[in-house]
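First comes the structure, then the notes that go with it.
The values are calculated or read from the model by the stated rules, or taken from the named source; none is laboratory data. These numbers were taken from a predicted model, which means no experiment stands behind them. As a convention, Cβ positions derive from the backbone with ideal geometry for all residues, glycine included, and neighbour counts pool all protein chains shown.
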Amino acid sequence: MRIAQNPKSLILGATSASLLVLALPAVAAAADDNKTQACVESLWPAAKGAGVTRATFDHAFQGFTNDPEVVEAANFQPEYVKPIGEYMDRVVSDKRIEAGKQKLVDYQALLGSLETRYGVDRHVIVAIWGVESNYGTQPGDKNVIRSLGTLYCTGTKAKFAKPQIVMALKILQHGDVTLEAMNGSWAGAMGHTQFIPTTYASFAVDQDGDGKRDIWGNIPDALASTASYLKVHGWRAGEAWGYEVALPKGFDPKRVSESTVKPVAEWQKLGIVRVNGEAFARASDKASLFAPAGAAGPSFLVLTNFRAILHYNTATSYALAVGHLSDRLRGGGPLVHPWPTDENHLALDQRIELQQLLLARGLLTGDADGVIGPATLEAVKAYQRTKGMPVDGFPSLTILKLLRSEG
Ligand code: CA
């Protein structure tokens, strides 16, 4: 609360204490209201400078109030980093595979023309559509101006939000979408493709030629926008995103950095092969080894197109889900190596105990709050290194028991 800095509350402060208590909620609301209006107005110079008219600006912000759900979503901290296997199972579900196969049939001609024009594999386009918005069925139902305005005016993500708002206003002004239909996620990711406004401005495509780039309601525009985005970000026609591979016995993938890139031939020399016994397409493809669950889970050689997918979303688990879903849409089977599932679920009190033991060893700083974030994962990795264990950072029961046994 910043009400003490508001002149109105200072005036009220001179009145009797009992009156102040009674009057405070209404005054606080009015003060918040004024603050929000002042905040909206503070956006005007930037919008005007970008060519937005006052009419567009006023229309977009008419009756604007902050959306508490957006603030809540922006501040949400997941209690526990879910194992990647859980994420993959959820995202690449049988239901999503079946729905995607139907989309390949329904949009066969469109996808064919996008493949020709952009060189991007139709299965990958549909996979991104599926992961981003569940084929347009879950594009987010929050008005983008309100979401971004909230992020700006509550200071939650103000630096991110300001240029996005200006761009969103320009999109509205151009008439690509109405204010009412300009919906998306709490963070302003919009439509079938979940583009934020600045991404939209640079990469959205008018595929059907009606003069509007409509990623909210027009599937040709949306899918062409995805293909265009991937092409610009380095997609190579005719190449795979990556392969599930088998490692030679005793090979610890976590001893190889994910940023190590070398030709497939070099990996083959180490004894790495494809799981299904097929040959790699080209020995010269630049690949890195990706084994997010360590030696206990599946391993992959990922290629340039995996890195193109990472431009859509920087999470490697996301890129893997898109890649694997695209394989499944093409008719491929499930991963050969299962994800580890048995020892990754510590209860809250166990997670706190784990952190306390890591704190006691000087491997972790801060509080033992049971929230497994990057610091805890790094601490677990450091501990695993000292024990000569596979270094995967998983806060497993095995680790906890070992720490306990050492007192
Ligand atoms: Ca269009």
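Tabulated values for the structure
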read-out	value
Per-region count, the range 230-281, residues free of Cβ contacts under 8 Å to residues at least 24 places away in the same chain and basic (Lys, Arg)	2
Helices (runs of 4 or more DSSP H) contained in the range 117-227 and holding at least 1 residues within 16 Å of the ligand (Cβ to nearest atom) and within 27 Å of PHE61 (Cα to Cα)	158-174, 197-203
Residue within the range 286-308 that is within 30 Å of ALA181 (Cα to Cα), surrounded by 15 or more Cβ atoms within 10 Å (Cβ to Cβ) and either away from the ligand (no atom under 16 Å from the Cβ) or not aliphatic (A, V, I, L, M) (or both) present	yes
Conditions (1) over 30 Å from LEU377 (Cβ atoms); (2) of a type outside the set (A, V, I, L, M, F, W, C); (3) assigned to a helix (DSSP H, G or I): number failed by ARG282	(3)
Residues (of a type in the set (Asp, Glu), farther than 15 Å from ASP327 by Cα and in contact with a helix residue (DSSP H, G or I) (Cβ under 7 Å, 6 or more places away or on another chain)) located in the range 100-130	GLU115
Residue count, the range 90-102 (criterion: farther than 18 Å from GLN194 by Cα and part of a helix (DSSP H, G or I))	8
Qualifying residues in the range 228-237 (those that are surrounded by fewer than 18 Cβ atoms within 10 Å (Cβ to Cβ) and of a type in the set (A, V, I, L, M, F, W, C)) - the one farthest from the ligand (Cβ to nearest atom)	ALA237
Selected residue (only one of VAL81, VAL105, VAL70 is under 20 Å from the mean Cα position of the chain (by Cα) and either assigned by the TED database to the domain that holds GLY188 or modelled with pLDDT of 95 or more (or both))	VAL70
Pair list, Cβ under 9 Å, 6 or more apart: the range 385-405 residue in contact (Cβ under 8 Å) with a residue 60 or more places away in the chain, other residue in a helix (DSSP H, G or I) and β-branched (Val, Ile, Thr)	VAL391/VAL380; ASP392/VAL380; PHE394/VAL380
